[in-house]
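*Asks:* Next up is a structure, given as structure tokens.
The values are calculated or read from the model by the stated rules, or taken from the named source; none is laboratory data. Note that this is a predicted model, so its numbers are computed, not measured. Cβ placement follows ideal geometry from the backbone for every residue including glycine, while neighbour counts extend to all protein chains displayed. The area values use the complete protein model at the heavy-atom level, side chains included, leaving out ligands, DNA and RNA. Shrake-Rupley method; radii C 1.70, N 1.55, O 1.52, S 1.80 Å.
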Amino acid sequence: MRLALLLLSLTPAMTGCAVFEALGGMPYAEKTVRLPQAVSAATALDCVASSVQSLREGRGTWMAVSRRDDAQGLLETGNYPESNLAGFRVRARVDEPRRQMRLQLKAGGPYYIDLGAKPGVAELAMAVDTCLAAAAAQREHS
């Protein structure tokens, strides 16, 4: 009985960060971008990867691509699902039937200080939109 109570009392301490994040403690923002007809899911993910790389060069808080699955239309940076990691972490998910892509951004610093989730996702979406327009124009001229 004592062991069970001890384990029960330790569980919140061990999972506290994950629970805090799941309850909305992690600074977070998202945007949906439309995909031009001429752009494939793989090209859309290329745009996210190159946009994140450009943003990383300007500010080191943007994390590198850690997962990419073209078949599922998914790209993640900085081990996106993990909790309690500082920096800008992105998840991009392509919805081809709807011709759109959802950009999700976690922007937590130490002690979950907001590093700028809303301006960060706006900056990312603008860079991705620019890349998608260029890719569509190039495809139309080919």
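*Asks:* Name every residue in the stretch 69-89 that is open to solvent by 60 Å² or more (accessible area, probe 1.4 Å), of a type in the set (A, V, I, L, M) and in contact with a strand residue (DSSP E or B) (Cβ under 6 Å, 6 or more places away or on another chain), in order of residue number.
*Replies:* none
*Asks:* Among (1) over 13 Å from the mean Cα position of the chain (by Cα); (2) within 17 Å of Gly25 (Cα to Cα), there is one condition Ala133 misses while meeting the rest; what is its number?
*Replies:* (2)
*Asks:* Also: Mind listing whichever residues of the stretch 22-68 are part of a loop (DSSP other than H, G, I, E, B), under 13 Å from Met101 (Cα atoms) and out of contact with any helix residue (DSSP H, G or I) (no Cβ under 8 Å at 6 or more places or on another chain)? Quick ask: steps written out before the conclusion?
*Replies:* First pass over the stretch 22-68, keeping only residues part of a loop (DSSP other than H, G, I, E, B): 26-27, 35-40, 59-61, 63-64.
Then keep just the ones that are under 13 Å from Met101 (Cα atoms); that gives 35-37, 39-40.
If the condition is that a residue be part of a loop (DSSP other than H, G, I, E, B), under 13 Å from Met101 (Cα atoms) and out of contact with any helix residue (DSSP H, G or I) (no Cβ under 8 Å at 6 or more places or on another chain), then Ser40 is the only one that fits.
*Asks:* For the stretch 20-68, which residues satisfy the criterion of being open to solvent by less than 80 Å² (accessible area, probe 1.4 Å), at pLDDT below 95 and either closer than 14 Å to Phe88 by Cβ or in contact with a Cys (Cβ under 9 Å, 6 or more places away or on another chain) (or both)?
*Replies:* Gly25, Met26, Gly58, Gly60, Thr61
*Asks:* Applying the selection to the stretch 97-131, what residues are open to solvent by 90 Å² or more (accessible area, probe 1.4 Å) and either of a type in the set (Gly, Ala, Ser) or part of a loop (DSSP other than H, G, I, E, B) (or both)?
*Replies:* Pro97, Arg98, Ile113
*Asks:* Considering only the stretch 69-94, state which residues are in contact with a Lys or Arg (Cβ under 7 Å, 6 or more places away or on another chain) and either among the charged types (D, E, K, R) or not in a strand (DSSP E or B) (or both).
*Replies:* Those that are in contact with a Lys or Arg (Cβ under 7 Å, 6 or more places away or on another chain) and either among the charged types (D, E, K, R) or not in a strand (DSSP E or B) (or both): Gly73, Glu76, Gly78, Tyr80, Arg89, Arg93.
*Asks:* Can you find, within the stretch 132-142, the residue that is surrounded by the fewest Cβ atoms within 10 Å (Cβ to Cβ) among those that are among the small types (Gly, Ala, Ser) and farther than 16 Å from Gln53 by Cβ?
*Replies:* Of the stretch 132-142, the ones among the small types (Gly, Ala, Ser) are 133-137, 142.
Then drop every residue that is not farther than 16 Å from Gln53 by Cβ, which leaves 133, 136-137, 142.
Numbers: Ala133: 13, Ala136: 16, Ala137: 12, Ser142: 6.
Ranking the qualifying residues of the stretch 132-142, first place goes to Ser142.
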